[in-house]
Each structure stands twice: as structure tokens, then as C-alpha cells.
1. Can you tell me which of B:Ala73, B:Ala82 is under 23 Å from B:Ala169 (Cβ atoms), in contact with a Lys or Arg (Cβ under 8 Å, 6 or more places away or on another chain) and assigned to a helix (DSSP H, G or I)?
2. Are any of the residues in segment B:96-107 touching a residue at least 40 places away in the same chain (Cβ under 8 Å) and within 14 Å of chain A (Cβ to nearest Cβ)?
3. Is there a residue being at pLDDT 95 or above, within 27 Å of B:Tyr206 (Cβ to Cβ) and not small (Gly, Ala, Ser) anywhere in segment B:47-56?
4. Which of the residues that make up segment A:86-111 are surrounded by 13 or more Cβ atoms within 10 Å (Cβ to Cβ), among the basic types (Lys, Arg) and either assigned to a strand (DSSP E or B) or modelled with pLDDT under 95 (or both)?
5. For A:Arg86, which of the numbered conditions (1) within 30 Å of B:Asp45 (Cα to Cα); (2) more than 14 Å from every other protein chain (Cβ to nearest Cβ) fails to hold?
6. Could you run through segment B:25-61 and say how many residues are assigned to a loop (DSSP other than H, G, I, E, B) and under 16 Å from B:Asn102 (Cα atoms)?
7. Filter segment B:34-54 for residues that are more than 9 Å from every other protein chain (Cβ to nearest Cβ) and buried (at least 21 other Cβ atoms within 10 Å of the Cβ); which is farthest from A:Leu101 (Cα to Cα)?
8. Those residues that are more than 9 Å from every other protein chain (Cβ to nearest Cβ) and crowded, with 23+ Cβ neighbours inside 10 Å, I need them from segment B:75-86; list them, please.
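The values are calculated or read from the model by the stated rules, or taken from the named source; none is laboratory data. In this text the structure is predicted, and so the values were computed from the model without any measurement. Please note: Cβ atoms are built from the backbone with ideal geometry, for glycine as well, and neighbour counts cover all protein chains shown.
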Amino acid sequence: MNGIQLLLLFGISALGLYYVIRLRKTVLDLVLLILLLATSVTFVLWPELTNKIAHSLGVGRGADLLYYVCILLFSFALLKLYARIRRLEQAFTNMIREDALKNAKHQGRDQ
Amino acid sequence: MKIITHLQSQELYIIIPVFDHDEHLKEIIQTLTGKGYKNIIVVNDGSEKDIFKQISEFNIHYLHHRQNLGQGAALQTGFDYAAGLDAEFVVTFDADGQHDPNDLPVVLAPVVAGRADVSLGSRFLSSQPTNIPFSKKLLLQTARFFNFLFTGLMLTDAHNGLRALNRKALNKIRITENRMAHATEILVEAKKHHLLIEEVPVTIHYTDYSIKHGQSSWNSLRIFIDLVFYKLFS
């Protein structure tokens with residue numbers, strides 16, 4: 001095992017641990033996380049596997065395949081995050097609006 | 001003008017969203033009240049200045065967002081408030097002094113006559129000469145095209161804040177785009193709910209002040225991005 005493999009394995013383990021402890025704990029999330037971690041560890045320990053899969057998909061190198069998959073995953077994560085931000089913004093807007101409507105003033109010289 | 005006179009006292013609410021740039025607000029309210037418009041709703045969208053202090057002498061409805069949300073959010077707050085007061089018609093009016101209070105009867109005419117549910121002011125239908133800057137004209141023509149892409153409606157103007165809605169439109173249209181993309185969202189909503197739209201000629205007064213505080217090219221890009229995400233997530 002070389003240095004980069006050790007570094008990646010440490011990173012993957014730390015991420016997995018952090019996710020389990022701090023973020024989500026539902027069974028489905030855990031299963032998905034274990035699958036993702038297992039795949040990552042497999043590719044780190046046997047990098048040739050990525051080359052084989054890449055070739056079967058018409059991609060020159062395993063690293064390129066991972067790069068493309070990462071772009072897709074990050075785009076998906078970005079969209080999910082943006083959707084969540086919009087929901088939060090809407091909830092925040094509703095709160096501010098309710099407060100404004102509740103405290104509306106109607107006064108002046110004519111009344 | 002009998003109908004408009006009646007509206008001035010009863011069922012018409014004029015919504016003015018304001019955020020910090022309030023130099024023209026007092027003058028606008030003075031003119032509108034002078035013309036007999038009784039129901040003015042000012043929505044302070046989280047200004048740091050004490051807006052109410054400046055206009056408390058007027059008989060207005062005043063709402064205050066504790067945080068700045070954007071013009072779209074301020075308009076929807078005004079819509080909700082007006083709907084709660086059983087408004088028959090609402091007019092949206094910008095606070096930067098661009099709009100002419102004399103245009104109100106023109107904007108109201110289609111909705112009062114029942115020809116339209118939403119009446120939109122258009123600076124490009126006006127026979128009055130305007131000092132519209134070339135860059136602004138180019139920006140608005142591009143915005144018209146994008147409005148067409150997003151709504152299927154080819155209008156003569158885009159992002160004109162002077163518009164009138166009847167009760168049906170007021171109850172159907174729901175603005176969720178807090179910032180400036182709301183102008184397109186109103187069209188999307190109007191189309192979705194099969195509301196009748198009519199454009200009317202209005203005059204826009206371009207001053208150094210209004211140009212300074214108007215839409216910049218950068219803002220237009222933000223509006224475009226907001227619209228793309230609106231289409232993706234709505």
C-alpha cells in the first residue's frame with residue numbers, strides 16, 4: 001500500500017465517521033453510506049478496477065471515469081443543496097411576512 | 001372618471017415597496033393622496049432608515065419586514081395584506097419616482113372595465129418621448145425575449161413595476177421569487193391561472209437617481225439565474 005492510498009483511506013474513514021456521528025442516522029442513509037464507502041475503499045485498494053470499468057464504458061482511464069462521475073455527483077449535490085436553501089428561504093420569508101402582517105400600522109391625520 | 005373616483009375612496013389599494021432609497025417616497029404619497037387615492041400600502045422591506053417616521057403624517061397602511069427580502073417578497077406581503085382587506089383592485093407602484101401618478105387611471109382601466117385581470121404598464125407603448133438610456137433599452141429588449149422564453153408571452157416591455165390586478169388575480173398570483181425575478185413570475189402565474197393580460201402605455205421618468213438605483217447588467221444576470229432555478233424547482 002502506498003502513501004496516497006493510506007491518505008485516501010484515512011479521508012474516507014473520517015468522512016464516514018463524521019457523517020454517522022453528526023449528520024444522518026436513518027437505516028437507508030446508513031446502507032447508502034456503507035455502499036459508497038465500500039466502493040471508494042475498493043477503488044483505492046484496487047485502482048486497476050476503475051480502468052477495467054472505464055474501458056468497458058468507452059473511457060480511456062479510470063481516473064477520467066471517476067472525474068466524470070464526480071462532476072455528476074457534485075452537480076446533483078449542488079441542486080439538492082439549492083433546493084434546500086430555497087425551502088429555508090421560503091420558510092424565513094413566511095416568518096418575516098407573518099410578523100409584518102401582524103404588526104401592520106394604519107394611522108394618520110385622517111383617522 | 002366616475003369609476004376611478006369611486007375606486008379612489010374604496011376598493012383600490014396602491015402597494016409601494018420601499019427599501020432604503022426613499023428620497024421620492026414622501027413626494028409620491030403626497031401626490032397620490034392629493035389625487036384622492038385613499039388606500040396606500042407602504043411595505044418597508046427591511047430598510048435601515050426609519051421610513052415610517054418620514055411618512056407617519058399620512059393616512060397610510062404601513063408594513064415592515066424585519067429583514068430585507070427583496071421587492072418580490074415585499075409585493076407579496078402587500079398582496080396578502082390587501083387581500084385581507086378585501087381589496088377589489090391593487091396597483092403596484094415603485095418608490096424610486098419613475099412612475100407617473102397620472103398613469104394610474106390608464107393602468108386601472110382594463111381591470112376596472114373587466115377586459116383584463118392583470119394590466120401591465122409599458123413604456124414602449126407610450127407616445128410620450130422618454131429619455132430612456134440606450135443600455136437600458138437594450139437590457140429591456142433582452143429581458144422581453146427571456147420573458148418570452150420563460151412564459152411564452154411576447155410583451156412590449158419587461159420589468160415595469162406599474163401594474164394593476166383585480167381581486168381574481170390577487171388571489172391567484174403567488175410570488176415566491178423574493179428578488180427581481182418576480183416580474184417574470186407574475187407573468188408565469190398569470191398564464192398558469194389563465195388570467196387575462198393587457199398592456200397599457202405608461203410614462204417612465206428616468207432621472208439620475210432612478211438610473212442609479214435601477215437594474216444593472218449584473219442584476220439582470222442574477223434575475224436570469226433565479227428564473228432558471230425557479231423553473232427547475234417550482
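1. B:Ala73
2. Among the residues of segment B:96-107, not one is touching a residue at least 40 places away in the same chain (Cβ under 8 Å) and within 14 Å of chain A (Cβ to nearest Cβ), which makes the answer no.
3. No: zero hits.
4. A:Arg86, A:Lys105
5. The number of the failed condition is (2).
6. The total comes to 4.
7. Among those residues, the one meeting the criterion is B:Tyr37.
8. B:Leu75, B:Gly78, B:Phe79, B:Ala82
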